[in-house]
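Asks: Have a look at this one before I ask anything.
The values are calculated or read from the model by the stated rules, or taken from the named source; none is laboratory data. The shown structure was predicted, so the numbers you read here are calculated from the model rather than taken from an experiment. Cβ atoms come from the backbone with ideal geometry, glycine included; neighbour counts cover every protein chain shown.
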């Protein structure tokens, strides 16, 4: 390092020390601002005036023997030094003014910084609140979306269910329409298609004449157990008396006697019957037939007539006569023959050569039982006797039993019918009419 440069650096250090000392002495009341001095500006001033300070230092250090009055006038050097020092002090004053301005600006910036920090803090708080609010909104939206999806799924299920119900209702409606069409076809078979029945006016109608009455004749087959008998009395009170005594001792003659038990007879009878009818596609009902013609001749002539295609007929499978009404049912092999014949109500059939008779052809109705309800009905005049051993011939034992229950002393009365089924045999009792009577069929 150069000696002159080293000395210059030492001189700069002395100026710094002098500056700090002067600043402390000059600004003793405001010494707290010393740490806030901008050192970059201080070094700028020192670098600017270092050469002048160093030259002054050298002049002060020169030996008197070297210097002379001619080379360095004393008054001139003193004034130059004084002017230079004043310039430095003036620059220092300006720097102090700048320093104060900088301090003020620094305070303003500090306040602005604090304001900005407060504002930033408020914004950070708002950001936190907004983030929390957004998270809550997201959660609420997710719940709402999930709820709406569940509602949509439920609506889809409801829509599917309603579609199935609509489809089922349409199928039921189609079935109802088919049934209505079928019933309409049956309704088309009007009373005009019913076989004619001649009636005679006998007088004015009485009360209740408009009501409909149906006569039902019971025809009940009752299987009898072995060693039992059925006895029917003329008087219902006698039958009830026999039932009330329950056990009866019958004397068979000598020392022989048997004990019987009287029980109530209950029959299973229909109480409600529902039937669906439909027009048969292969049968016709022929009425208004001649009464003088024989059965076989009548059936033959009808089969011959309705077997011819020119008469609208076809191949006949069979023909039957209904004995209760005297009408004839003709069955064809093909299905479409009957419908064509019933389209024409009256047909002229030749029963005798050269003579024709007009018969009435109507549709034949098939019936199917759709509902059948039964109930137990007690026979008021008939009693069941059980526990009859095979101790003698059937006819003799039956006579003895009938005689026993005819005697009033035994609680009996007039017997209307008696049927005995001994051990080892099978007998069926037939109940008919409103007041039962018995027959047997082996």
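Residue-by-condition table, conditions (1) assigned by TED's automatic domain parsing to the domain that holds residue 286; (2) without any contact (Cβ under 8 Å) to a residue 24 or more places away in the chain; (3) closer than 27 Å to residue 182 by Cα:
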site	(1), (2), (3)
313	yes, no, yes
351	yes, no, no
367	yes, no, yes
382	no, no, no
398	no, no, no
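Asks: Can you tell me how many residues within the stretch 298-321 are more than 14 Å from residue 282 (Cα to Cα) and surrounded by fewer than 13 Cβ atoms within 10 Å (Cβ to Cβ)?
Replies: 3
Asks: Does residue 288 fit the bill of being under 22 Å from residue 356 (Cβ atoms), in contact (Cβ under 8 Å) with a residue 12 or more places away in the chain and either out of contact with any helix residue (DSSP H, G or I) (no Cβ under 7 Å at 6 or more places or on another chain) or not assigned by TED's automatic domain parsing to the domain that holds residue 366 (or both)?
Replies: Values: under 22 Å from residue 356 (Cβ atoms): yes; in contact (Cβ under 8 Å) with a residue 12 or more places away in the chain: yes; either out of contact with any helix residue (DSSP H, G or I) (no Cβ under 7 Å at 6 or more places or on another chain) or not assigned by TED's automatic domain parsing to the domain that holds residue 366 (or both): yes.
Taking the combined requirement at face value, the residue satisfies it.
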